[in-house]
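Visitor: Take a look at this one; I'll ask things after.
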Amino acid sequence: MSDANIGIGDIHWLMDILQNIDVGLVVLDRNYNIQLWNGFMESHSGVSPQNAKDQNLFQLCPEIPQDWFKQKSEAVFQLKTRTFTIWEQRPYLFKFKNYRPITGRTAMMYQNTSIIPLESVDKTVDHICIIVYDVTDVAVNHEDARSANESLLELNSVDQLTELPNRVIWEQDVRREHARCKRSGNPSSIAIFDIDNLAAINAQHGHRVGDRVLKTVSDSLQQTMRQTDLPCRFGGDLFAVLLVDTDAQSAMEFAERIRTIIHGLIVRQGDQPIQITTSIGLAAFDADFSTETDWLLAANKALLHAKQQGGNQTTLYHPSMRKS
């Protein structure tokens with residue numbers, strides 16, 4: 001008698017645990033009718049275990065895709081192996097609202113689920129158990145981290161002063177364009193700009209004025225470019241533009257246009273006007289440029305030539321500059 005009482009007590013404790021455990025438990029028979037629906041499921045669905053008992057899962061929870069769920073479950077029934085679904089594959093199995101105060105930014109509960117076989121005494125599997133884990137905190141934190149990483153990547157890829165892409169991002173575009181031009185033979189050009197005497201402006205008027213000069217040049221550059229042109233702040237007082245599908249003549253016309261516009265710009269420090277000029281080096285794509293670095297070096301040699309000639313002018317690269 002005492003042994004029987006212990007057995008009944010054990011069952012009572014076990015049922016109490018199943019009803020109060022902080023995961024969802026659902027037992028299904030071979031026809032997907034519900035045999036167990038614990039307190040977690042009741043709390044989040046509003047359906048009591050008594051009302052859920054013997055109801056068909058897909059009628060009670062129409063949000064569960066039948067074909068997908070049956071395909072996963074049949075493997076559990078037949079192979080007697082468990083299967084898993086994580087929130088990154090499917091955000092939830094049961095469409096429960098999220099009531100957790102910390103993660104209130106998401107409307108639905110994110111869930112990981114396991115489906116495990118329940119063997120009978122004769123080793124057959126006529127029932128399966130769905131275990132539902134609330135992983136909303138983990139999912140939201142993961143999404144926050146991903147969003148933060150994307151924002152950081154975007155922040156690191158853009159120059160904060162000029163709002164232009166930085167050199168690292170731009171050089172990736174140049175690498176792709178170099179490969180495209182090699183493959184197709186289409187023309188493209190690189191223009192590198194240097195603001196004349198920015199160091200003297202910084203020394204005389206301070207770096208805040210120098211920053212205003214850089215921003216003024218950047219704004220003018222962005223207003224003058226075509227949508228297909230790819231600009232960047234190369235570093236310091238250098239800007240660069242990748243002129244896609246642009247031959248040497250068209251690149252020269254663009255460069256002279258922007259040089260003339262910049263020459264007409266004035267930045268004022270009090271009553272004192274500060275004249276801005278720029279020197280520009282151009283390099284049209286040439287099949288002899290074996291790498292994108294050769295292409296960039298050619299544009300830089302043309303820029304040095306423009307500076308050596310007194311600045312405020314544009315120079316187009318010629319192979320004769322290679323040894324200079």
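Visitor: Hey, if we sort Tyr32, Tyr317 by accessible area with the 1.4 Å probe, largest down, what's the order? Intermediate results must be reported in sequence, preceding the final value.
Guide: On the way: Tyr32 10, Tyr317 35 Å².
Greatest to least solvent exposure: Tyr317, Tyr32.
Visitor: Return the long-range amide H neighbours of Tyr110 (sequence gap of 5 or more, or a different chain), with a cut-off of under 5 Å between placed amide H atoms.
Guide: Val135, Thr136
Visitor: Report the FRET efficiency, 1/(1 + (r/R0)^6), for Asp144 and Asp173, where r is their Cβ-Cβ distance and R0 is 30 Å, rounded to 0.05.
Guide: Working: r = 30 Å, r/R0 = 1.01.
In this case the efficiency is close to 0.50.
Visitor: Using the Cα centre as the reference, give the magnitude of the dipole from point charges on the C-beta atoms of the chain (Lys, Arg: +1; Asp, Glu: -1; all else neutral), rounded to the nearest 20 debye. Kindly include the intermediate steps, with their values, before the conclusion.
Guide: Values: 31 positive and 40 negative charges, 188 e Å.
In debye, rounded to 20, the chain gives about 900.
Visitor: Which residue, chosen from Asn186, Gly24, Ser43, occupies the Cα position most advanced towards the positive end of the dipole of the chain, where the dipole is computed from +1 (Lys, Arg) and -1 (Asp, Glu) charges on Cβ about the Cα centre?
Guide: Of Asn186, Gly24, Ser43, it is Asn186.
Visitor: Continuing with this model, one more query. Quickly work out the Glu163-to-Arg322 label distance, labels modelled 7 Å from Cα along the C-beta direction, and quote it in nm with one decimal.
Guide: 4.3
Visitor: Something else now. Out of these labelled values of log10 I(q)/I(0) by the Debye sum over Cα atoms at q = 0.07, 0.13, 0.14 Å⁻¹, (i) -0.25, -0.95, -1.12; (ii) -0.28, -0.99, -1.15; (iii) -0.57, -0.91, -1.01, which was calculated from the coordinates shown here?
Guide: Matching entry in (i) -0.25, -0.95, -1.12; (ii) -0.28, -0.99, -1.15; (iii) -0.57, -0.91, -1.01: (iii).
Visitor: Roughly how much of Arg167 is accessible, in Å² to the nearest 10, using a 1.4 Å probe?
Guide: Its heavy atoms expose roughly 110 Å² to the probe.
Visitor: Counting Lys +1, Arg +1, Asp -1, Glu -1, what net charge surrounds Gln222 among other residues with beta carbon under 13 Å of its beta carbon?
Guide: Summing Lys/Arg as +1 and Asp/Glu as -1 gives -1.
Visitor: State log₁₀ I(q)/I(0) for region 196-278 at q = 0.18, 0.20, 0.23 Å⁻¹ as given by the Debye formula over alpha-carbon point scatterers of equal weight, solvent excluded.
Guide: For region 196-278, the Cα-only Debye profile gives -0.77, -0.91, -1.13.
Visitor: Using 7 Å Cα-to-Cβ label points, what is the Trp68/Asn31 separation (nm, one decimal)?
Guide: That separation, rounded to one decimal, is 2.6 nm.
Visitor: If I take R0 = 51 Å and measure r between the Cβ atoms of Asp288 and Leu265 in this structure, what FRET efficiency does the formula 1/(1 + (r/R0)^6) give, to the nearest 0.05?
Guide: Details: r = 36 Å, r/R0 = 0.71.
The formula returns an efficiency of 0.90 here.
Visitor: Could you point to the residue in Thr293, Phe84, Ser120 farthest towards the positive end of the chain's charge dipole, with +1 and -1 charges on the Cβ of Lys/Arg and Asp/Glu respectively?
Guide: Thr293
Visitor: So if R0 is 45 Å, what FRET efficiency would Leu238 and Arg90 give, r being the distance between their Cβ atoms, rounded to the nearest 0.05? Don't jump to the answer; show the numbers that get you there.
Guide: Details: r = 49 Å, r/R0 = 1.10.
With R0 = 45 Å, the Cβ-Cβ based efficiency is 0.35.
The values are calculated or read from the model by the stated rules, or taken from the named source; none is laboratory data. The structure displayed is predicted, hence computed values, not measured ones. Using ideal geometry, Cβ is built from the backbone for each residue, glycine included, and neighbour counts are taken over all protein chains shown. To get the accessible areas, we keep the full protein, side chains included, count just its heavy atoms, and leave off ligands, DNA and RNA. Shrake-Rupley method; radii C 1.70, N 1.55, O 1.52, S 1.80 Å.
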